[in-house]
Amino acid sequence: CNGYAELCDRPYSAVVYPTTHNSYASYAGIAGNQNKDISIQLQDGIRALQLDFLPSSNDTNVVELCHTQCLFLDAGPATLALRNITTFLNNNPREVVTILIENAGRLGVQQMASAFEEVGLDKYAWTQSSSGSNSTSNGSSGALDWPTLQTMIDQNKRLVVFTDTGADANTVSWIHAEYTYAWETPWQTILGEQFSCVVDRPSTSAQPALGSLQVFNHFVYQNQQFLSAQYQISVPASANTTNSLESLQNHYDSCQAVYATLPGPTSGGSGNSTNSTVLPRVPNFVAVDYYNVGDLFRFVAEVNNVTY
């Protein structure tokens, strides 16, 4: 299961997944975030992908992968990347992959779903209930029970899809509202600043009681002037330091106090929390730029307690 027998009996929410930030942006230049394309990322072991959806400037019915705006970086129709993900899942029946959509174009859920359906990727999509039956001491709903990786593999539902906006479970049940299930650390870390583990999204004032998953943003920016506006761009020269085991571990260590205040994942593994036990919280989606530089995979293996 995702390369390790030890992960098969773990709930989806108790596993750490190597994640690429702006996975589609495998271009040289100021708008790039990766230096290998999505097909190679998956072959190398990346198991969660962050994709920005916008309408194409040529045809608003077409979902495009663009960075901030399509003028800045246009990686083409989303179906190109989604088809590569379909091929990977077809050829690797024991792998579970997650897609985190940033719906920058505020697309409707059916338009997003159509891109998956066009390439046959929707057949792999897992549907997770949004109703958790655990409860915390303050009475709020606790961590959701997710299936084990083995359950997802047995059912051949090996793709989990989240979107930050636009989800509607009554219309498309398998595109999940990210902040119902997850929370994110801050993403606007400038080169030289310390990484933070505060709850940045859904908002700094809301405790993600239902969110048993964490998006662990671990990448840095520097400010760049472009077309009379200031943008934050990636820093490829810093990747070896930013993605070092020491940097990742220090960020993870800073999260422990935050983890202590939040409900952890449960071991029910079936969507039913009866007889479940609470497991240690982990940084589920460790999102980095230039994933193949530094120690991302070593760090993920160590937190998953498997051999690198």
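None of the figures in this text is laboratory data; all of them are computed from the coordinates on show. Predicted model only: the values in this text are computed from it and were never measured. We place every Cβ from the backbone using ideal geometry, glycine too, and count neighbours over all the protein chains shown.
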### Query
Going by average Cβ neighbours within 10 Å, how do the peptides 233-241, 177-185 rank, with the highest at the top?
177-185, 233-241
### Query
Taking springs between alpha-carbon atoms closer than 10 angstrom, which of Thr151, Thr261, Thr79 fluctuates most in the Gaussian network model of the chain?
Thr261
### Summary
To the nearest 0.05, the calculated FRET efficiency linking Lys123 and Asn92 through their beta-carbon distance, R0 being 22 Å, is 0.90
### Query
What is the gain in length, in nm to one decimal, between Ser57 and Ala28 on full extension, counting 0.36 nm per residue of separation less the C-alpha to C-alpha distance?
8.2 nm
### Query
With +1 on each Lys and Arg Cβ and -1 on each Asp and Glu Cβ, how big is the dipole of the chain about its Cα centre, in debye rounded to the nearest 20?
360 debye
## Note on the structure
Length gained, Gln224-Val306, 0.36 nm per residue minus C-alpha separation, equals 25.5 nm
### Query
How big is D for the stretch 42-193, in µm² s⁻¹ as a whole number, if Stokes-Einstein is applied with the Kirkwood radius of its Cα pairs at 4 °C and 1.567 mPa s?
78 µm²/s
### Query
Once the Cβ-Cβ distance between Tyr231 and Thr277 is put in as r, and R0 is 30 Å, what FRET efficiency do you end up with, to the nearest 0.05?
0.05
### Message
Can you say what percent of the DSSP beta bridges in the chain, counting only those with both residues inside, are antiparallel? Round to 5.
### Response
35 percent
### Summary
Computed from the beta carbon distance with a Förster radius of 25 Å, FRET efficiency for Tyr259 and Ala169 to the nearest 0.05 stands at 0.35
